[in-house]
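A short write-up of the structure that comes next.
Computed from the coordinates by the stated procedures, all read-outs in this text should not be read as laboratory data. Keep in mind that what you see is a predicted model, and the values were worked out from it rather than measured. Here the Cβ positions follow ideal geometry from the backbone for every residue, glycine too, while neighbour counts run over all protein chains shown.
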Amino acid sequence: MIDDRIARGCRILDEACPGWHDFINLDTLDISSLRECVLGQLYGDFHTGRAALGLSALGAEAAGFVESTSTAAWRQHIATRRLHDRMTG
């Protein structure tokens, strides 16, 4: 399920890079782009991010960092996290 994969990816990023969601540009976010995907925006490109997190290709897929995951679903999840952060201070 896509939401489960995104949740897994978020947990990985929360541990490796707390506050990561504040550094994602939702206007340019594009999971199919090596530079504008979540890992690309955080680490410069998808492959560098995958290596930094110690993820195999299958691990990246299981964490929702690949094209088969919806950019819109990532946008929604990140926007929800930002709103939650603002509301809880």
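Things to note:
- Helices (runs of 4 or more DSSP H) wholly inside region 31-89 that include at least 2 residues being basic (Lys, Arg) and surrounded by 15 or more Cβ atoms within 10 Å (Cβ to Cβ): 71-88
- Every listed requirement among (1) touching a helix residue (DSSP H, G or I) at 6+ places or on another chain (Cβ under 9 Å); (2) surrounded by 15 or more Cβ atoms within 10 Å (Cβ to Cβ); (3) in contact (Cβ under 8 Å) with a residue 24 or more places away in the chain; (4) not acidic (Asp, Glu) is met by TRP20 save one, (3).
- Any chance GLY9 is assigned to a helix (DSSP H, G or I), surrounded by 14 or more Cβ atoms within 10 Å (Cβ to Cβ) and either in contact with a strand residue (DSSP E or B) (Cβ under 7 Å, 6 or more places away or on another chain) or touching a residue at least 12 places away in the same chain (Cβ under 8 Å) (or both): yes
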